1. Does residue 142 fit the bill of being modelled with pLDDT of 95 or more, surrounded by 14 or more Cβ atoms within 10 Å (Cβ to Cβ) and out of contact with any Pro (no Cβ under 7 Å at 6 or more places or on another chain)?
2. Say we look at the range 252-300 and pick out the residues that are out of contact with any Leu (no Cβ under 8 Å at 6 or more places or on another chain) and in a helix (DSSP H, G or I); which of these is nearest to residue 389 (Cα to Cα)?
3. Mind checking which residues of the range 146-161 are assigned to a loop (DSSP other than H, G, I, E, B) and touching a strand residue (DSSP E or B) at 6+ places or on another chain (Cβ under 7 Å)?
4. Could you list all residues from the range 91-134 that are modelled with pLDDT of 85 or more, polar (S, T, N, Q) and over 17 Å from residue 157 (Cβ atoms)?
5. Just name the residue that is farthest from residue 27 (Cα to Cα) out of those in the range 43-70 that are aliphatic (A, V, I, L, M) and crowded, with 16+ Cβ neighbours inside 10 Å.
6. All but one of (1) under 26 Å from residue 388 (Cβ atoms); (2) of a type in the set (S, T, N, Q); (3) surrounded by fewer than 17 Cβ atoms within 10 Å (Cβ to Cβ) hold for residue 149; state the number of the condition that does not hold.
7. Would you be able to tell me the number of residues in the range 197-234 that are part of a helix (DSSP H, G or I) and either over 17 Å from residue 274 (Cα atoms) or not polar (S, T, N, Q) (or both)?
8. Could you check the range 293-311 and list, in sequence order, the residues that are out of contact with any Phe, Trp or Tyr (no Cβ under 8 Å at 6 or more places or on another chain), in contact (Cβ under 8 Å) with a residue 12 or more places away in the chain and not small (Gly, Ala, Ser)?
Amino acid sequence: MTQRAATQFEIGAFHMVPPLLMAPQEDTLEWLATAHATAAGLQGEAADFAAVKASVGLRLRRFGCKPRQIATRGYDTFDVRSHDFASTGLYALGINRDTGAYVGPHSTPLGGRGAIYSHRVRQVFEDFYPPDQPGRLPTVAPDHLIHVTCTGYVSPSAPQVLVNDRGWHQQTGVTHAYHMGCYAAFPAIRIAEGLARSGVAKGQERFRADIVHTELCTLHLNPADSSPEQLVVHSLFADGHVKYSLAPAGSLKRGFRLLDVCEQIIPDSASDMTWDLDHWGFRMGLSREVPQKIGAEIRSFVQRLAAQCGCELGNLLREAQFAIHPGGPKIIDSVQELLELRDAQTAQAKKVLLTRGNMSSATLPHVWMAMEADGLEPGTKVVSLAFGPGLTIFGAIFESF
């Protein structure tokens, strides 16, 4: 059993900034079929638009996430209700009506997508940390801001701009936790705990580190790629933004005590999940072997995590709540079956997937926020699990208070 330092830390004060648009999955699948058929026409792959669209629609229904698995998803980058691909915007495919220029099947290049990301994320940070106004409690600067994302980068970053605009130059440090994928909340928590532990050692007994996730996954669709792998990706990922705090025990009104964090890279799995930069954006690779390879390791991983926290595995599997990152419907179902969990133990993870889709690193904090809002009994253990490139399993055990 791992011996952790005497000072305990807790996370809580969850807050979400919703995407600009929440759209039914049915609308998204219709938009995707139209976009892929339009891109195919631009590449000279087929002359019959209606036939190509129908074919892509059938393949989306076969390989992609169905509306019964994801009912709605969030968008900050484009409107899935618009099929005007010959106009302006992120996915303008064809002849630009404003300039007359030909737009290729990949549409906006990486630099343009980065500009969209920068603009929206600055808005999100303004919403999380609004400027002081008469009649409203002032925004309290955190001691440290950790920005988590894997969907866009710009320097100076949105938190750096915020610190400068708010005059927090000597109050708030900024750390970037980038490009780690869906499990990134755990490294961010580990960074925050280290900063808080150092702050407490220096006499900052109320040290507060805020962790902010901003994910714009929908920036990185590629309608020119209709492979089964990409149809899964295109039908799964969504946009999401969430903020929460880590502080010494006794600082927050409610939330979760952090017991321990653990990680493991699965052998012979490096190519099963990838997140690479291309000229048009970021391209995700997702092997169909992912659920099987995670499944082969998950029980022994949870057993090791339980041992580190001094928990008995059987009690944990019977009594804990499980916040499982919904990398896809098969991931949650596979983990639930292998760990012999009841539906009630994974309900919040499935609900977040159903109502918001996979928001990359922002997803698991949304699950924690939903659990906190449900009002768990004090002392309830929460086993959190997420997966990402490596192929990496990350986990933590919390205790509600």
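1. So residue 142 fits the description; yes.
2. 291
3. Within the range 146-161, 150, 151, 152, 153, 157 meet the criteria.
4. Matches in the range 91-134: 107, 108, 133.
5. Top of the filtered list is 52.
6. (3)
7. 14
8. 293, 297, 298, 299, 301, 302, 304, 305, 308, 309, 311
The values are calculated or read from the model by the stated rules, or taken from the named source; none is laboratory data. Quick caveat: nothing in here was measured; it's all calculated off a predicted structure. Glycine gets a Cβ as well: all are built from the backbone with ideal geometry, and neighbour counts include every protein chain shown.
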